[in-house]
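Novice: Pasting in a structure now, in structure tokens, and then I'll have a few things to ask.
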Amino acid sequence: MEILRKVYFGAGTWISIGIFWVLSLAFRLDPGISALLATAYALLYTLVALAARRVTKLDYGVILFFAVGAALTLSGSRLGMLYLFNYFSAFLFLFLFLMAYLPIVFGKEPFTTAFAKRTTPQAFWGSDLFLEINRRMTLVWAGLFAASGLMSLIPGFWTQAVAPAVLLIGVGVPLNLRFPDYYLRKKGLGGFLKDSETAPASMPAGDSAGMEPGAVSERTWEGPDLFPENEDSEVDERRARQAETLGPVKNMVVVLGSPRGAKGFTYHCLAPFLEGVRESGIEPEIVHLHEHKVRGCSGCFSCWTGTPGECIHKDDAAELRRKIASADLVVYAQPLYVFSVPGIVKNLLDRMIPGFQPFLIETPQGVTGHPERDGHGFGRRIVVLSVCGFPEVVHFRPLVFMFRAMAGASGKVLCGELLRPASESLRAGEQLGPIYGEVMESFRRAGREAASRGWVSRASERAVSRPITTNVDGFRVAANEFWKAWAEYERLKQCGTPVPNLDTFLAQSPGMMLAGMASAFDPEKARGFEGIFQFDVTGERGGAYFIEIVNGKCDFHEGEAANPTVVIHTPMDVWLAVASKEVSGQEALLKGMYTVEGDVGALVKLGEIFS
């Protein structure tokens, strides 16, 4: 059956061409009727392909070609015979050219994406790289269709059939097979889209001592834990002793290293921390680093030799270094960029070098370092605050170790590590449930601790990093729906389609909402229950989705389930209202705002599981 399915969809609407010629030549049927029957087959196939998500823009081109031919011939126009016989190939290639070229002109999805999606992980479908590759391939195909159409204007079997086939197979097929890899290699990303599922295994590891060259330690991504519980009391005692030696915190400088400034999720998490600082009677000075000019270090060593303590670059770095030097506590707050800090933060850290002397000494840790010139270093006391979109806290490991090394090398104190994974999820705010308020309060408590006693407890650090969900697989699916929705939002904007603001648009995405439900699944609430909830969401952005609960796991899928326990037919706005508890699900059902097929009792269980 699967082989027949592949053959059917592989043949596509091209079968209608054979139908037309067999009916016209073998059965000598009227050309208009033959074209009409060919149109009917192409239309029927396209409807089936739509349901199976296998339709392409070329299918529409074949339908239009035969529909126009049938209309011309059946209307008695003399152009009908020229269209369907003398210039059959030329007009067919004209419609294929239009189906390939016009979507590019109007900013729509390139026609080759329908084929590329069959071999490319879904997470990359909305990426600029994926779309750019398909735009380029589609333009080449449009050129091939145009060239084939021009050749077909010359009468003869060779020019109207053989030459176009040779051109399309000889150029088009190798293009499909080789161009994506060629383009990726040219960008330095060879095999990225195809091998994405195994990409983490090829990423640079941290400690690889004792390993063969090129080998990667899996332990790098599994741990060690950044906050081992058996070290909590030891770390807290050490920080308390260091704070007593350094004295109270009287002033604080916050280096906000997010390129998005106050619009980013770094500031979203920094804000309650600052509230806690202010509650302790300290008004922190916030440096919005993206508003300052800090050039990268030139590596000229003038600050060590020619003009000791002074950099050749005359920008804002010197003044920022003085601010940091005068603060009792410095907070470095930034998002995680490629397992480290953003470029603007790295530039500032590199430009702190004038505060050190070039000579080599033994540090308190027993390794080689540079003596400080004026006692500035990177700050007397340091708190690092960072956010990332990944759900696991282990991704912060390289960044945290960098700050630990910075503090240790200069004999300073790293008195707080506030790391917030899955920060993009905070966009949902209170919709996340009690955990959102708990995380925000943990940041506020950390701010009070840093200001009032000069260090942050391990308990607060652990609370700040608390996972939003234990269903990491579901989180990934929900995150991918988020990026797909955002990409669609940008595409619509570029096409001039009226859209609401981004948050509203995302909130109206059925895929995001239902995937979010699955990612927040609590197996305890579903104990003993297994079933499939099929959602038929209607409206402009509707679609088919289902949530499957099996063996204590919850998965989200697009499409139709084979044997759903219950099918819910609902407009998007109705289910949004039910999910946000603006209306009662039972009341909405009784009023006919949505309908249900199957086990209605499972619908009650749905409300309990995802309450």
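The values are calculated or read from the model by the stated rules, or taken from the named source; none is laboratory data. Since we're looking at a predicted model, the values are computed, not measured. All Cβ positions, even for glycine, are placed from backbone atoms using ideal geometry, and neighbour counts span all protein chains on display. Please note that ligands, DNA and RNA were not included when accessible areas were found on the heavy atoms of the full protein model with its side chains. Shrake-Rupley method; radii C 1.70, N 1.55, O 1.52, S 1.80 Å.
Novice: Leaving ligands, DNA and RNA out of it, rank Thr113, Thr538 by accessible area with a 1.4 Å probe, largest first.
Specialist: Highest to lowest solvent-accessible surface, that is Thr538, Thr113.
Novice: When the Karplus curve 6.51 cos²θ - 1.76 cosθ + 1.60 is applied with θ = phi - 60°, which whole-Hz ³J(HN,Hα) does each residue of the range 34-46 get, with x for Gly and Pro?
Specialist: Ordered by residue, 3J(HN,Hα) equals 4, 5, 5, 5, 5, 4, 4, 5, 4, 5, 4, 4, 4 Hz.
Novice: Obtain the nm distance between the two label points defined at Glu524 and Arg241 by a simple spin-label model: each point lies 7 Å from its Cα along the Cα-to-C-beta direction.
Specialist: Taking the simple label geometry, Glu524 and Arg241 are separated by 3.9 nm.
Novice: Would you list, by chain and number, the lysines whose Cα falls below 27 Å from the Cα of Lys591, excluding same-chain residues fewer than 8 positions away?
Specialist: Partners found: Lys581, Lys605.
Novice: Show that you can apply the helix-only estimate: for the chain, add -39,500 (n - 2.57) for every DSSP H stretch of four or more residues, divide by all residues, and state [θ] at 222 nm to the nearest 500.
Specialist: -14000 deg cm²/dmol
Novice: Probe of 1.4 angstrom, ligands and nucleic acids ignored: what's the accessible area per residue over the range 540-582, in square angstrom?
Specialist: Heavy-atom accessible area per residue stands at 52 Å².
Novice: Continuing with the same structure: Determine the share of the chain's accessible area contributed by carbon and sulfur atoms, expressed in whole percent, with a 1.4 angstrom probe.
Specialist: 59 percent
Novice: Moving on to the next point. If r is the Cβ-Cβ distance from Val7 to Val171 and R0 is 30 Å, what FRET efficiency results, to the nearest 0.05?
Specialist: 0.75
Novice: Round to the nearest 10 and give me the degree value, 0 to 90, for the angle of helix 397-409's Cα axis relative to the longest principal axis of the chain.
Specialist: That helix lies at roughly 20 degrees to the long axis.
Novice: Which of Pro354, Leu79, Phe97 sits closest to the plus end of the dipole of the chain, meaning its Cα is farthest towards the positive end, when Lys and Arg get +1 and Asp and Glu get -1 on the C-beta?
Specialist: Value: Leu79.
Novice: Follow-up question, since we're still on this one. Would you tell me the accessible area of Arg239, worked out with a 1.4 angstrom probe on the heavy atoms of the protein chains, in Å² to the nearest 10?
Specialist: Accessible area of Arg239: about 10 Å².
Novice: What fraction, in whole percent, of alpha-carbon pairs in the range 423-564 exceed 17 Å separation?
Specialist: 67 percent
Novice: Moving on to the next point. Over the alpha-carbon set of the range 41-185, divide Rg by the Kirkwood Rh and report the Rg/Rh ratio to two decimals.
Specialist: 1.01
Novice: Given Cα pairs under 8 Å that are at least 6 residues apart, what percent is the relative contact order of the chain?
Specialist: Worked out over the chain, it gives 9 percent.
Novice: Using only the C-alpha atoms of the range 260-336, find the volume of their convex hull and express it per residue in Å³.
Specialist: 112 Å³
Novice: Relative to the longest principal Cα axis of the chain, at what angle does helix 57-74 sit, 0 to 90 degrees, rounded to 10?
Specialist: Once rounded, one gets 20 degrees.
Novice: Students sometimes get this wrong: rank Arg28, Arg278 by accessible area, probe 1.4 Å, all chains present, largest first.
Specialist: Ranked list, largest accessible area first: Arg28, Arg278.
Novice: Answer with one residue from Ala479, Val413, Ile468: the one whose Cα lies farthest towards the positive end of the charge dipole of the range 381-515, charges on Cβ with Lys, Arg +1 and Asp, Glu -1.
Specialist: Checking the options against the dipole of the range 381-515, the answer is Val413.
Novice: Another one. Please determine, in degrees from 0 to 90 and to the nearest 10, the orientation of helix 2-11 with respect to the longest principal axis defined by the Cα atoms of the chain, where the helix direction is its Cα long axis.
Specialist: Between the helix axis and the principal axis of the chain, the angle is about 70 degrees.
Novice: For the range 341-468, with only Lys/Arg (+1) and Asp/Glu (-1) charged at the beta-carbon, what is the dipole magnitude about the Cα centre, in debye rounded to 20?
Specialist: Roughly 200 debye, rounded to the nearest 20.
Novice: What ³J(HN,Hα) values, in whole Hz, does the Karplus curve 6.51 cos²θ - 1.76 cosθ + 1.60 give for the range 283-292 when θ = phi - 60°, with x put for Gly and Pro?
Specialist: 9, x, 8, 9, 9, 7, 4, 5, 8, 10
Novice: Applying the Karplus parametrisation 6.51 cos²θ - 1.76 cosθ + 1.60 with θ = phi - 60° to the phi angles of the range 81-98, what ³J(HN,Hα) value in whole Hz is obtained for each residue in order, glycine and proline being reported as x?
Specialist: Those phi angles translate into 5, 4, 5, 8, 10, 5, 10, 3, 5, 4, 6, 4, 5, 4, 5, 5, 4, 5 Hz.
Novice: Based on the alpha-carbon set only, what is the convex hull volume of the range 262-405 divided per residue, in Å³?
Specialist: 130 Å³
Novice: Could you list the residues of the range 270-304 with an amide nitrogen less than 20 Å from a label point located 7 Å from the Cα of Glu319 in the Cα-to-C-beta direction?
Specialist: Counting only backbone N, you get 284-297.
Novice: Right, something else. Round to the nearest 10 and report in Å² the accessible area of Cys388, as given by a 1.4 Å probe over the protein chains' heavy atoms.
Specialist: Accessible area, nearest 10 Å²: 10 Å².
Novice: May I ask you to give the solvent-accessible area per residue for the range 444-486, in square angstrom, as obtained with a 1.4 angstrom probe?
Specialist: I get 41 Å² per residue for this part.
Novice: Leaving out ligands, DNA and RNA but keeping every protein chain, what accessible area does Ile435 have, in Å² rounded to the nearest 10, with a 1.4 Å probe?
Specialist: For Ile435, the solvent-accessible surface is approximately 20 Å².
Novice: Which of the lysines could a cross-linker bridge to Lys293, judged by Cα under 26 Å and excluding same-chain residues fewer than eight apart?
Specialist: Lys263, Lys314, Lys323, Lys346
Novice: Per residue, how much accessible area does the range 317-364 show when a 1.4 Å probe rolls over the protein heavy atoms, in square angstrom?
Specialist: Each residue of the range 317-364 exposes 40 Å² on average to a 1.4 Å probe.
Novice: Sort largest first and round to whole Å: the equivalent ellipsoid semi-axes of the range 470-525, each the square root of five times a Cα gyration tensor eigenvalue.
Specialist: They are 27, 10, 6 Å, listed from largest to smallest.
Novice: I'd like the FRET efficiency for Val550 and Leu590, computed as 1/(1 + (r/R0)^6) with the beta carbon distance as r and R0 of 51 Å, rounded to 0.05.
Specialist: According to the calculation, E is roughly 0.95.
Novice: Lys and Arg at +1, Asp and Glu at -1: add these up for the other residues within a Cβ distance under 11 Å of Met99 and post the number.
Specialist: Charge balance in the 11 Å sphere: +1.
Novice: For the chain, what mean projected area does the convex hull of the alpha carbons give, in nm²?
Specialist: Result: a mean projected hull area of 37.3 nm².
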